[in-house]
Structures are given as structure tokens and as C-alpha cells.
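The structure appears below as C-alpha cells.
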Amino acid sequence: MKETGERPGGPRALLADRDYLRLWLVGGLSNAVRWLELLAAGVFTYDLTGSGLMVASVTAARMLPMLLVGALAGAVADAVNRKTLLMIALGTTGLSSGLIGLVALADMLTIWHIWAGGLVSGIVWAGEMAVRRRMVGEVAGPTRVAPAVALDTVTGSLTRMIGPALGGLLLETVGIACVYGLSAVLYLTGLALVVGLRYSQETRPLRLAQIPGDIAAGFAVARRSEIIMAVLATTVVMNAFGFSYTAMIPPIGRQEFGVSATLVGILASAEAGGSLLGGLLLASGRLNLSRGRVFLAGSFGLMTAVVLAALAPWYLLAFFLLLAGGLGASSFASMQSTLILTEAPPEMRSRLMGITTVCIGTGPLGVLAVGVLSDQVGASTAMLMTGLGGLAGLALIYLRWPALRR
């Protein structure tokens, strides 16, 4: 790992660090592709099937591997060189997207291809926290973890804003084949950036028989920390009940608001726009508030926005409510990684980031649940029900783990 002393932690100083800049750009490119494909695949699926459940299943295919292999990815990333893992990940997803683009160009694309591509992307995504996000903290150095992660979160928010809007526009103008073709080019660009990254790490032999014990050791560390347990529980609630609303954006936009694919993409990017503003404020380092309180307040803020947006009778009102909710989402996302990286022992960080990924991976369960509900009661009502469930879950966490409020 790159050793660093105490250095300025503002955005300009961080981006002047060549290695941080490369990791930051790779995160931006891969996140943009992730959201671009997710929106385009969702609209394509809804137009093909007319089913909210089918749209939810496409979203779930991308997220399910996080639940199944997230902890494994964390254990592997503690032993194997993380730069090598990141290069393999980017090359694999670039090849996958390129193949789907060629299938679409031949006019042979089906839902099965979308699912398969989503699973490949999801397996790679499962290693994001334990590999690239940990590398971000290491390259920045211990004194700059919070602003480095916050700036990385800003990039994620920016790409979540650009990705869906661009995905909707490309789908409407040039078709799904070009969407996946562009994805392949961006993934391979990220691979080229990682090749030139200066990064060293003490590795150890990867013993498969030892992995269950490594994972168990990570869970043991988590159980001993009230703050880590609260972060993990909040992550489950936010992903299963909060962020699952994204699967309902295509049916709500198409059926209830009657807007084009481009406007569906803009609605999907609203929350990310608010996250961008919130992330910039956090990355500036001007807020000297309790990290736990910021984390909790942001979680409650996003969940409230989801509930209100589900009740919105007009497209513009839903857009601005989700935009406001993005301010909360940025606080949740920034402090989620920061609290884990600062509370965990150094030798356990990849494993605990992997466990965090497992918690994020509960999202598909919420996505499938909201998809089933949407076919029964409608997309907006399904979104409302999951949002209310999320608020109840956050209230229980607030009462159960008081250390997060200090």
C-alpha cells in the first residue's frame, strides 16, 4: 500500500495526487457505466414486457451477487493484490458489455442476455468496496480518509446523475446496442488508467480453506463495535427499503407520468443531483459535525424523500423531492465507508468492507419485493410502502445503537 504522511485533504490537493486521481477517474467511469446500463436495461425491459416485476428482476440481477459473494470478495482482497483484482474486474465487465452490444446489434437481444450481463456486472460490483474503495483510502492516507471518500462519493453522485440521463437519451436516439458499446469503451478506458497506477501491497497466499475463518473474524470484529453494527444495520435498511425505489422509476415515469425515456432517465438522476451537492459540501471539510449524526440524518432524509415522492402527483414535484433526498443520500454514502474505515483495525478493513457489501446486497430482496407489490398495487403505492417500512427500520436502529448519535 502507498505510504503517506500528513498532507492537505481538500479536493484540489487530493486530485493533484496522481494515484488518487486515477482511482477517482476509474470510479467515475465504472459508476457512470453501471447507472447508464441500469436505466437503459430497465426501460428496454419495461417496453418489452410491460411488467414492473421484470424490471425489478433486471435490477436485482445486478445486485444479488453483492449479497452472495461480498464477504468472499473482502477476504480475497485482503490476500490478493488489489490492483490486479481491479484490472481483472474492469477487463471482464468491458468484455461482457461489448458482447451484449454485439448481440443487440444483431437484433438478437433478449431479457436473458440482460440478466446475464447484469450478473457479471454484479459480481464485479461486489468487490468495489473491498478493492477500489479501500485503495482510495490507502492512497489518500489515514489523515485524509474522510475527505477522500467524500470526494469519491461526489463522483459517484455525479455519475449517477449523468449515467441514467445519458442512458435514456442514448436508448431513445441510437438504441440499446450503442449503450452497451459505449459501456465497453469506458470500462476499457478505466483498465488503461489502472495499468499506470503506482500501488504496492503486502500480499499473502490465498488459502481457500482459510476464507471461512477470515470472514468469521470480520463478523466478530463487527459485533464488538456498536458503531460498525449500527452502520451495517442501517446499510441493510437503506438498500432493502430505500434505494429499491430506483426499480420503480421506469414504470412510474412511463405509465403514471407518461414521459419519454429521456425524461425517465432525468427523473432517475434527480437523487444523484442532490447527492452531488451534499457530497461537495462534505468533501470541502467545512462541516465539523459528528460523523454518526450526519450518517443517521442523511438516512432519514433520503427515506422521507422516497415516501413523499411516491405521493407526488406531478413529474416535477417528484423530481425535486428526490433531488432533496439526494442530500441525505450523500451523507449516508460518505459516512458509511468513512465510519467503517476509521473504526475497523487496518488488517480487517477489506473484510469489513466486504461485509458492508453483503449488507448492500440485500437490495435485490427489496427490489424484488417492490416489483411484486407494483404488479399488485401499482408502482407508486409499492414505493410508498417500502419507504414507510424503511423509516420504521431506521427508527429501531436509532433506539438500539445510541453510540451512532454521539
Original post:
Taking all pairs of different Cα atoms in segment 287-350, averaging 1/r and flipping that mean, what Kirkwood radius in angstroms comes out?
Top reply: 12.9 Å
Subject >> Stokes-Einstein D in µm²/s, Kirkwood radius over Cα pairs - segment 218-360 at 10 °C with 1.306 mPa s viscosity >> reply: 99 µm²/s
Original post:
How large is the Kirkwood hydrodynamic radius of segment 279-406, in angstrom, based on all distinct alpha carbon pairs?
Top reply: 16.1 Å
Original post:
For MET63, MET248, MET385, MET348, what ranking results if the residue with the fewest other Cβ atoms within 10 Å of its Cβ goes first?
Top reply: MET385, MET348, MET63, MET248
Subject >> Selection of trypsin sites (Lys or Arg not before Pro), segment 270-351, meeting DSSP coil and at most 15 other Cβ within 10 Å >> reply: ARG286
**OP:** With runs of 4+ DSSP H residues as the only contributors, calculate the mean residue ellipticity of the chain at 222 nm using -39,500 (n - 2.57) per run, divided by the residue total and rounded to the nearest 500.
**Re:** -25500 deg cm²/dmol
**OP:** Report the charge-dipole magnitude of segment 227-363 in Debye, nearest 20, computed about the Cα centre from +1 at each Lys and Arg Cβ and -1 at each Asp and Glu Cβ.
**Re:** 200 debye
**OP:** Just subtract the alpha-carbon distance of ASN81 and SER200 from 0.36 nm times their residue separation and send over the number in nm, one decimal.
**Re:** 42.0 nm
Subject >> Debye-sum result for segment 331-406 in log10 I(q)/I(0), which assumes one identical scatterer on each alpha carbon, at q = 0.17, 0.23 Å⁻¹ >> reply: -0.85, -1.12
Original post:
What's the Kirkwood radius of the chain in Å, using all Cα pairs?
Top reply: 20.9 Å
**OP:** Select from the chain the helices, each a whole stretch of DSSP H, whose alpha-carbon atoms run 18 Å or more along the helix axis and whose Kyte-Doolittle mean is at least 0.0; answer none if there are none.
**Re:** 18-49, 52-79, 82-105, 111-125, 145-173, 176-195, 211-224, 270-283, 291-311, 315-343, 363-377, 379-400
**OP:** Give the relative contact order (percent, whole number) for segment 1-117; include only Cα pairs under 8 Å separated by 6+ residues.
**Re:** 19 percent
Subject >> Estimated FRET transfer efficiency when R0 is 45 angstrom, pair MET108-ALA16 (beta carbons, to 0.05) >> reply: 0.45
Original post:
What percent does the relative contact order of the chain come to when contacts are Cα pairs within less than 8 Å and at least six residues apart?
Top reply: 29 percent
Original post:
Among LEU182, PHE295, TRP125, whose Cα lies farthest out toward the positive end of the dipole of the chain, if unit charges sit on the beta carbon of Lys, Arg (+1) and Asp, Glu (-1)?
Top reply: PHE295
Original post:
When the convex hull of the Cα atoms of segment 26-128 is projected onto a plane and the area is averaged over all directions, what value comes out in nm²?
Top reply: 6.4 nm²
**OP:** May I ask for the equivalent-ellipsoid semi-axes of segment 140-252, computed as the square root of five times each C-alpha gyration tensor eigenvalue and listed largest first in whole Å?
**Re:** 33, 24, 17
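Read the figures in this text as sums done on the coordinates, not as results from a lab. Quantities reported herein were computed from a predicted structural model and do not represent experimental measurements. No Cβ is skipped: glycine too gets one built from the backbone with ideal geometry, and neighbour counts run over all protein chains shown.
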